[in-house]
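The block underneath contains the structure these notes are about, expressed in structure tokens.
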Amino acid sequence: MADTSSDIRPTRLRRAWNSDIAWSFRHAPVAMVSTLVVVVLILGAVLAPLVAPHDPFNPATLNLMNGFTPPGVANQFTGDFFVLGTDDQGRDVFSTILYGMRISLFVGFSAVLLAMVLGVTLGLLAGYAGGWTETIIMRIADVQLTFPAILVAMLIFGIAKGITPPEYRDQMAIWVLILAIGLSDWVQFARVVRGATLVEKNKEYVQAARLIGRTPFAIMLRHILPNVLNPVLVIATISLALAIIAEATLSFLGVGAPPTKPSLGTLIRIGQEFMFSGEWWILFFPAATLLALALSINLLGDWLRDALNPRLR
Amino acid sequence: MKTTAILTAALLASTSIGASAETLRWARAGDSLTLDPHAQNEGPTHTLAHQIYEPLIIRDMTGAFQPALATDWAPKADDPNVWVFNLRQGVKYHDGSDFTAEDVVFSITRAKSENSNMKELLTSVVEVRAVGDHTVEFVTDGPNPILPSNLTNLFMMDKGWAEANDSVTVQDVEGGQTTFASTNAMGTGAYKLVSREPDVKTVLTQNENYWGKDQFPMDVTDIVYTPIQNAATRVAALLSGEVDFIQDVPVQDLGRVGETEGLVVKTAPQNRVIFFGMNMGADDIANDDVEGKNPLADVRVRKAMSMAINRDAIKQVVMRGQSQPAGMIAPPFVNGWTAEMDSSAKTDIDAAKALMADAGYADGFSIQLDCPNDRYINDEAICQATVGMLAQIGITVNLDAKPKAQHFPLITNDQTDFYMLGWGVPTYDSEYIFNFLVHTRGEDRGSWNGTGFSNADVDAMIVSLASETDLAKRNETIQSIWNVVQEEQLYIPIHHQVLNWGMTSAVGTEVSPEDDPKFKFFTMN
Amino acid sequence: MLAYIIRRVFQSVLVLLIVGLVAFSMFAFVGDPVDNMLGQERTQADIERLRQQLGLDRPFIVQYWRFLEQAAQGNFGLSYRQGRPVAEILMERLPATLELAFVSGLLALFGGIALGIFTAIRRRGAAANVIMTLSLIGVSLPTFLIGILLIYVFSVELGWLPSFGRGEVTDLGGWTTGFLTASGLKALILPAITLGLYQMTLIMRLVRTEMLEVLRMDYIRFARARGIREKSVNFRHALKNTLVPVITITGLQLGSIIAFAIITETVFQWPGVGLLFINAIQFVDIPVMAAYLMMISVMFVGINLIVDMLYFAIDPRLRVDRTAGGH
Amino acid sequence: MTATPVLSVRNLVVEIPTRHGVLRPVDAVSYDIHAGEILGVVGESGAGKSMTGNAVIGLLDPPARIVSGQILLSGQPVHTLRGDALRRLRGKRMGMIFQDPLTSLNPLLTVGDQLTETILEHLDVSPSEARKRAIAALEEVGIPAARDRIDSYPHEFSGGMRQRVVIALALCAEPDLVIADEPTTALDVSVQAQIIALLKRLCRDRGVAVMLVTHDMGVIAEAADRVAVMYAGRLAELGPVREVLTDAHHPYTAGLMASTPLASQGHRRLRQIPGAMPRLGNLPPGCAFSPRCDHVQDRCRHDPSPTLDTCDGRAACWFPLRSQKDNTPEHDQEAEA
């Protein structure tokens, strides 16, 4: 990829603007809507401190008497008003959704990143090296498949709880979640990349690169990787949605984010306890947000796969 | 779904269990761990055992003593160390064999054996001897005024049956040997075991020749007991009419269940008080940001923390009114409880801040609070509320909620400085509380005293209670111990739990403080 | 072929050993089992006695070796919680999970393939787009929420289906089945949907992508050029080629159903090994946890082996080494 | 040649709507093919050769579609047929041979299955009869030991063998017309000759009309009776192969012949046609070949290129090259200087 000097920078932008992908993006309403939703939600999460009326993670500001205030109605004891109501601890549901999404998105992105980096490297290695390295990596994948994400999280939680000093426990919980979800997700990346590498490996351009003496490492990075990126990108979007949901499931099993700093998933777990008791809003709004987020990411992933796959257009 | 023709034919052939006169479908969160009456000392296990086996004395649904296999009992006139029990005549086990004094001696010896979890309740019993077929004498190592109250969960097994099925010793888990008694039962109780799949379903049916057939309502003829762990599913089962009686209705669903036509909710104070313990004994505690000294050692800090907690808010919001704020760590019906002490806890943020300033912590400190998340009603939610309240007087609390299996070892192994604990008093007497929570942590007492509190005089007073026969003097000692506990603010009491049982309107029963329904008292109309 | 099988079996044993080691070493951190087994009134002496009895005080490697030794003979020790042999408990609870996994697997497989083909063939159709979006909802909500919503609608509000448990089961000597009773089948419906929905969506999307690829191949154009009916072009020619890659991934997918059962069983109080495992973790019942993990890894490794065999059976190109090298 | 032609195409136009505007890969093409005759269709890739073939057999991938013109199969209009009516003709009345034998056969079905399936689809014969015919078809295309090779899978045949199976498949339902789309391109030279010989023999023996699409003038010279040269979707020249090859009327055909090393042409320097065929998206005004034509006149740049019958019936060019003998390559020398 020859690097272009700055003077023709606009043309690259121009070229990007009417490139096929951009064109099909502009003509796919589903893609546009889901991108809008994702952008709005991410912005809401990132700007939470500015946007959110309350800070749900600062216990000093919570007033327990505000608990279970219905949405849009002033609380009978304190007279406070909450647009989407409050949860069992008196936290404003709207602010908690924004703050909670921060954790969910952060955990989601980091977990997928970890899984991608780990999976792609091991996949490339396994596909390219073959022989013993491939067998070992693939058997590790088998071992990994034996441990469902939930189990990995619980066991890692146990270990992490055992060794971290108490005051770091909250932050630790977040990193453990990332580790747990990431560790149980890398296998699918590895499988796809290994498959693709096996195909690319005996293509002429790879043999040509090998002929001119490029080191295996360079070959993998410069030549094979770009060609296997498409499937990886698609899996990344799908597993981002799954990672966010995995976090919610883990908190359902009591292993998720710490109770004082609930993520979107923890909110849903708390909400489901009040489903029959009439406080529907504690479950409804967070679940709707998670659905919107995960659905948009998945739809985007779908559109991306079709757009990136030239033959399918 | 994928049913093929053959299957539908099979469906017509099978019929579910015929709905006999009055089947009670009973569900609760946990299942009984084993049918061996002496292997475990734990709520759900005793509740199931009470339907099949019987102790000498039981507590009825209001918690009052009632003769069961013993008709009457009293200390021996000439020897204060001996209790005499006269046994009920003509009682038969389910397999028809007679209930005699021999069975009582066998059962008590078995309960005191190595692997039994019930042996702590019988530490004071030195010997048990049968006097004739229907009288038994308990010899204690000193006058023990409250022995009867230790026997309400000690079930009488049939010696012959146990020997025939080599269940003489209590189940030895490590030995890799499982006794016949852990999966089968032979009692004298009102119900017989029909089938049992642990954690899945246990079916009981009425014992036709039960000695008390006409003394108790006995309306329930068959019982189907299915544990349902997930609270939402448990409530759904009651709402959709799949079960008739559930023991632990989540507080938030009481409204919904109560309003539903055909369902009724009954509540009663439970024999369990919830409180926070603080490690005041240590000179510096690990989980805080104060180096060199222990903020909790200062009584003013402890009193400030107690005053910062708004117990009415917890009752109102977290518990939906289903709790009674507490001022002392003893349930109301326990000997030694006083209304005046129980209502002594006041909420006063400003006074609390003043006390914190006096103690030199004007800008507060940070500490870790250890809580269970699956033991008491809304345990995690209460802790979260406490974090919010203590933050208002400058104390930043890191909350660490975890399953009870990981939480309780922290207390018994002295690895926590600020923790939540709940305590029930099966003996209905303050001595039980002092033995475990106030006495210095030692060989056979103070195993749950995480506060590090150690006061020789108090210890002496506690030990004296065990052998003080003059009840008036005994109560006086109890009061003086309580004064020390309250003055020193060893614990921060929160509330007495309230039991919420949900049932169809056809079911008639009181709510027993021990949260253990005895179905022979149930009426079905 | 035979050599291949032997090599795979050897690798599988290796995997099992690693799983055992990893599982066993993790348990040390998950909490102290002794506490649960002793009642409120226990003393420090009791704790020591029981720890010693359970061998928890012996060095880790010895504990692990003893565990492996016993496991080889099918003796997984006693469950700390139920005091019964773990092997017996597992055998009792396994039918429930396997039946649930079987039904939801069936739902996922046939539903997934049928919908995958439909959305591939009628790619532009409105129905296909609706199905695709609806299916995404299945993947966008956590399993436990789907389960509880189903209970809320079908049990509490409509009262058609039971909200928990397995209904009446008939004992066929060692294997209890829910298929032969009306209540057993009714009890299967909601949990199977909850468990199967997620897998069905994945399989559907996989089949759709794969089928779209195959439909563009030359031999499909050639078949159409020969005037073969559209139905047999899609189902005889295209489907067979679509299923080859799908088999591998579906094999693994169904494997993870058993792992996913943990959540569904917790929500529906389904008496399977998943629920048993959750109770074991809460009670730190190490023998049950270890046995569960070993059993799951045996199943996974077994499924992997079967999937590889299937691969050979379906794709003749791989069988070339068996026939004496066609000229 | 008075009998009605097996295939006659009249002013066929195929259009593809794209975001860059509407493209016309096939623009007013007309030609006939009679029974037993092989019409070669040649041109650079992208000239619309294959598109014409696909249009005839009705396998145009959407959004491409026939906009106007007629396609008659033994006099019967075909371009109006849709769906099942058209499907029943395919295989029975017109067959198709694809370029790459590796991907044209279903890897998971035996050769026998694919043959019997096609036979049973169109001829009502018993399965055993169909199998006998399948074996006969394989023998006819020269597969040795057909009887025991019928149950093997495509990957068990060599490239050449597989192309013979493809041909057998195309002919097994006895079609009158066969469209061979670059049948030899994927094969190496030695096998190419065998396949061409096979095609010629089958065409002659069975009286099948063949439309042979290729970019290789050598194949045209070897196999075709008449040849159609296509350029940018239009028919540049059409006529008997001997005449067109030796005496091209259209400058593009001449240029093509000059740049093809035919054995029969003896030793002479090859010449290359400057520039490249324009993309359908931005065709030059007037005749599409004008920018590259060395006989270009003003008219060529303005008026749209004529159709065959508007000029001398042989080449779609305002200034067709006269068939003087002196019109030999030397003449073009000075243009080059």
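The values are calculated or read from the model by the stated rules, or taken from the named source; none is laboratory data. Quick caveat: nothing in here was measured; it's all calculated off a predicted structure. A quick note on method: Cβ atoms are made from the backbone with ideal geometry, for glycine too, and the neighbour counts reach across all protein chains shown.
Condition check: under 21 Å from B:Phe436 (Cα atoms) and modelled with pLDDT under 85. Does B:Ser149 satisfy that?
Taking the combined requirement at face value, the residue does not satisfy it.
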Open item on the list: Which residue is farthest from the chain's Cα centre (by Cα), if the candidates are limited to the stretch D:92-107 and must be facing another protein chain (nearest Cβ under 7 Å) and in a loop (DSSP other than H, G, I, E, B)?
Closed with: D:Pro107
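Looking at the stretch B:225-241 only, could you name the residues that are touching a residue at least 60 places away in the same chain (Cβ under 8 Å) and either outside any loop (DSSP other than H, G, I, E, B) or buried (at least 23 other Cβ atoms within 10 Å of the Cβ) (or both)?
So the first thing to find is which residues in the stretch B:225-241 are touching a residue at least 60 places away in the same chain (Cβ under 8 Å), and the list is B:225-229, B:231, B:234-235, B:237-238, B:241.
Across the stretch B:225-241, the qualifying residues are B:Tyr225, B:Thr226, B:Pro227, B:Ile228, B:Ala231, B:Arg234, B:Val235, B:Ala237, B:Leu238.
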Task: Pairs, first closer than 18 Å to B:Asp103 by Cβ in the stretch B:58-73, second β-branched (Val, Ile, Thr) and not in a strand (DSSP E or B), C-beta under 7 Å, six or more apart - done: B:Ile58/B:Thr152; B:Leu69/B:Val91; B:Leu69/B:Thr188
TODO: Looking for whichever is in contact (Cβ under 8 Å) with a residue 24 or more places away in the chain and hydrophobic (A, V, I, L, M, F, W, C) here; the options are A:Leu229, A:Leu283, A:Leu291, A:Leu240. Which one fits?
DONE: A:Leu240
Task: Subset of the stretch B:242-268 [assigned to a helix (DSSP H, G or I) and buried (at least 19 other Cβ atoms within 10 Å of the Cβ)] - done: B:Val251, B:Gln252, B:Asp253, B:Leu254, B:Arg256, B:Val257
Task: Residue satisfying all of: in the stretch D:142-156; of a type outside the set (D, E, K, R) and in contact with a Gly (Cβ under 8 Å, 6 or more places away or on another chain); nearest to the other protein chains (Cβ to nearest Cβ) among these - done: D:Ser152
Open item on the list: Cβ-Cβ under 8 Å, sequence separation 6+ or interchain: first residue in the stretch C:66-79 and aliphatic (A, V, I, L, M), partner buried (at least 22 other Cβ atoms within 10 Å of the Cβ) and part of a loop (DSSP other than H, G, I, E, B). Which pairs?
Closed with: C:Leu78/B:Val173
TODO: Please determine, by comparing only the residues of the stretch C:226-248 that are assigned to a helix (DSSP H, G or I) and at the interface with chain D (Cβ under 7 Å from one of its Cβ atoms), which one is nearest to D:Asp176 (Cα to Cα).
DONE: C:His237
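For the stretch C:123-136, indicate whether the set of residues that are buried (at least 22 other Cβ atoms within 10 Å of the Cβ), at pLDDT below 85 and outside any loop (DSSP other than H, G, I, E, B) is non-empty.
Within the stretch C:123-136, one or more residues are buried (at least 22 other Cβ atoms within 10 Å of the Cβ), at pLDDT below 85 and outside any loop (DSSP other than H, G, I, E, B).
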TODO: Considering (1) more than 7 Å from every other protein chain (Cβ to nearest Cβ); (2) surrounded by fewer than 18 Cβ atoms within 10 Å (Cβ to Cβ); (3) modelled with pLDDT under 85, say which one B:Asp374 fails and leave the rest.
DONE: (1)
TODO: Pull up the stretch A:53-69, narrow it to residues that are outside any helix (DSSP H, G or I) and surrounded by fewer than 18 Cβ atoms within 10 Å (Cβ to Cβ), then point me to the one that is farthest from the other protein chains (Cβ to nearest Cβ).
DONE: A:Pro53
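Listed residues D:Val111, D:Val125; which is farther than 16 Å from C:His237 by Cβ and at pLDDT 85 or above? Don't jump to the end; show me each part of the working.
Working: D:Val111 fails: farther than 16 Å from C:His237 by Cβ.
Just one listed residue meets the conditions, D:Val125.
Is it the case that the stretch A:123-134 has a residue that's closer than 21 Å to A:Ser277 by Cβ and outside any helix (DSSP H, G or I)?
No, the stretch A:123-134 has no match at all.
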Open item on the list: If the requirement is being surrounded by 18 or more Cβ atoms within 10 Å (Cβ to Cβ), among the charged types (D, E, K, R) and part of a helix (DSSP H, G or I), which of these qualifies: C:Glu88, C:Glu92?
Closed with: C:Glu92
- [ ] Would you point out the residue of the stretch D:108-141, among those that are free of Cβ contacts under 8 Å to residues at least 60 places away in the same chain and in contact with a Lys or Arg (Cβ under 6 Å, 6 or more places away or on another chain), that is farthest from the other protein chains (Cβ to nearest Cβ)?
- [x] D:Ile135
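Yes/no per residue for (1) away from chain A (no Cβ under 14 Å); (2) within 19 Å of the chain's Cα centre (by Cα):
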| position | (1), (2) |
| --- | --- |
| C:Arg84 | yes, no |
| C:Ala126 | no, no |
| C:Gly138 | no, yes |
| C:Phe144 | no, yes |
| C:Val156 | no, no |
Task: Residues within the stretch A:263-296 that are crowded, with 24+ Cβ neighbours inside 10 Å, assigned to a helix (DSSP H, G or I), within 11 Å of chain C (Cβ to nearest Cβ) and among the aliphatic types (A, V, I, L, M), tallied - done: 5
Task: Any chance D:Leu280 is within 23 Å of D:Val227 (Cβ to Cβ), at pLDDT 75 or above and out of contact with any His (no Cβ under 6 Å at 6 or more places or on another chain) - done: yes
Task: Restricting the stretch C:208-220 to residues that are under 18 Å from D:Ile57 (Cβ atoms) and part of a helix (DSSP H, G or I), the residue that is farthest from the other protein chains (Cβ to nearest Cβ) - done: C:Leu215
Task: Neighbours by Cβ (under 6 Å, 6+ apart or cross-chain): first from the stretch B:190-208, closer than 24 Å to C:Ile278 by Cβ and assigned by TED's automatic domain parsing to the domain that holds B:Met156; second outside any strand (DSSP E or B) and not β-branched (Val, Ile, Thr) - done: B:Pro198/C:Gln82; B:Asp199/B:Asp31; B:Val200/C:Pro271
Open item on the list: Is it the case, given these coordinates, that B:Asn483 is free of Cβ contacts under 8 Å to residues at least 24 places away in the same chain and surrounded by fewer than 15 Cβ atoms within 10 Å (Cβ to Cβ)?
Closed with: yes
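The rows are residues; the columns are (1) without any contact (Cβ under 8 Å) to a residue 24 or more places away in the chain; (2) outside any loop (DSSP other than H, G, I, E, B); (3) not assigned by TED's automatic domain parsing to the domain that holds B:Phe276.
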{"site": "B:Ala330", "(1), (2), (3)": "no, no, no"}
{"site": "B:Thr347", "(1), (2), (3)": "no, no, no"}
{"site": "B:Asp350", "(1), (2), (3)": "yes, yes, no"}
{"site": "B:Lys353", "(1), (2), (3)": "no, yes, no"}
{"site": "B:Ala357", "(1), (2), (3)": "yes, yes, no"}
{"site": "B:Leu369", "(1), (2), (3)": "no, yes, no"}
{"site": "B:Asp374", "(1), (2), (3)": "no, no, no"}
{"site": "B:Ile377", "(1), (2), (3)": "no, no, no"}
Task: Residue among C:Leu94, C:Leu100, C:Leu106 that is modelled with pLDDT of 85 or more, under 17 Å from C:Leu293 (Cα atoms) and away from chain A (no Cβ under 14 Å) - done: C:Leu94
Open item on the list: Here are the criteria: (1) surrounded by fewer than 23 Cβ atoms within 10 Å (Cβ to Cβ); (2) within 14 Å of chain D (Cβ to nearest Cβ); (3) of a type outside the set (Asp, Glu). Tell me which single one C:Ala223 does not satisfy.
Closed with: (1)
TODO: Starting from residues that are modelled with pLDDT under 85 and small (Gly, Ala, Ser), keep the ones in the stretch C:214-271 and report whichever is farthest from the chain's Cα centre (by Cα).
DONE: C:Gly251
Task: Some residue of the stretch B:455-462 being in the same structural domain as B:Met305 (by TED's automatic domain parsing) and in contact with a strand residue (DSSP E or B) (Cβ under 9 Å, 6 or more places away or on another chain) - done: no
